[in-house]
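A.B. asks: Have a look at this one.
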Amino acid sequence: MFLRATRVQTPPDKVNEAIKNFETNILKSLRSAPGNQGASLLVNRQTGAGIGITYWESAKALAASEQIGTQSRTQVTKNVPGSQIVNVERAELMIMDRTAAPKEGSFLRLVTANGDPEKLDAAIVHMRNQVLPLLKAQKGYRATIASVDRLSGKLNVSTVWDSKADLDASESKLAGPRAEVAKIAGAGAHDVQVEIFETAVVELSAAAAQTQTARA
């Protein structure tokens, strides 16, 4: 499975408008798109940062959907005053581990590591074998989604939690393993970014919502 992630900056007082636009306009256009496996919208209500993520069954389906992606981005800037598109990234989904169904209102820690393309698979193997068991042992854990961009060497790992309190409580247990994964991926200490988001909208197909861990 593949994904396209569109990062948007919205005025904090317009976040609810951005959520409504995603629900009423963007999801509607996606539902009939060939190969679409769903979408989610992540937001930070304090800063106005947001990421819209669409999931696709294949690289071919992702490529064929680029016009829809362009239209969606145009709708955001048109319908939500003050919104700006920051960047658009595409990636291959490597891990989708779930212990609970996707739900709105959950909280997510997004870790982005700029590593070495040749070391991404090793990092994914380490994530699957060493880090996932630790994650599953934490209170409030719901899911891990990991994706890679094999051209740039970027590794994105999202862990999803029942509440912000559960997310915060897990940090002390996960900071070390996170640094180890980044090191294996070839990322330096300054090549890692950690962000916190709320799951504002999530609508996934059965295929995208189920647990799946791609083998490297």
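A.B. asks: Identify all residues within the stretch 136-164 that are surrounded by fewer than 19 Cβ atoms within 10 Å (Cβ to Cβ) and in a strand (DSSP E or B); write none if there are none. Can you show your working first?
C.D. replies: Kept after step one, since they are surrounded by fewer than 19 Cβ atoms within 10 Å (Cβ to Cβ), are these residues of the stretch 136-164: 136-140, 149-152, 162-164.
Asp149, the sole residue that qualifies.
A.B. asks: Of the residues in the stretch 12-36, how many are closer than 25 Å to Glu57 by Cα and in a helix (DSSP H, G or I)? Please lay out each step first, then the result.
C.D. replies: Initial filter on the stretch 12-36 (closer than 25 Å to Glu57 by Cα): 19, 21-36.
Filter once more, so that each one left must be in a helix (DSSP H, G or I): 19, 21-31.
Residues flagged as closer than 25 Å to Glu57 by Cα and in a helix (DSSP H, G or I) within the stretch 12-36 amount to 12.
A.B. asks: Tell me, which residue of the stretch 9-29 that is surrounded by 21 or more Cβ atoms within 10 Å (Cβ to Cβ) and touching a Ser or Thr at 6+ places or on another chain (Cβ under 8 Å) is farthest from Val201 (Cα to Cα)?
C.D. replies: We begin by selecting, within the stretch 9-29, every residue surrounded by 21 or more Cβ atoms within 10 Å (Cβ to Cβ); these are 10, 15, 18, 21-22, 26.
Imposing the further condition that a residue be touching a Ser or Thr at 6+ places or on another chain (Cβ under 8 Å) reduces the set to 10, 18, 26.
Values: Thr10: 16, Ala18: 11, Ile26: 11 Å.
The extreme case among them is Thr10.
A.B. asks: Of the conditions (1) touching a residue at least 60 places away in the same chain (Cβ under 8 Å); (2) surrounded by fewer than 18 Cβ atoms within 10 Å (Cβ to Cβ); (3) within 18 Å of Leu93 (Cβ to Cβ); (4) in contact with a helix residue (DSSP H, G or I) (Cβ under 8 Å, 6 or more places away or on another chain), Val111 clears all except one; give me its number.
C.D. replies: The number of the failed condition is (2).
A.B. asks: Could you tell me how many of the residues in the stretch 126-144 are more than 19 Å from the chain's Cα centre (by Cα) and touching a residue at least 12 places away in the same chain (Cβ under 8 Å)?
C.D. replies: First, pick out the residues of the stretch 126-144 that are more than 19 Å from the chain's Cα centre (by Cα): 126, 129-130, 133-134, 137-139.
When the remaining residues are screened for being touching a residue at least 12 places away in the same chain (Cβ under 8 Å), the result is 126, 130, 134, 138-139.
Final tally of qualifying residues: 5.
Bear in mind that the values in this text are calculations on the coordinates, not laboratory data. Note that the structure is a prediction, hence the values are computed from the model and not measured. Cβ atoms come from the backbone with ideal geometry, glycine included; neighbour counts cover every protein chain shown.
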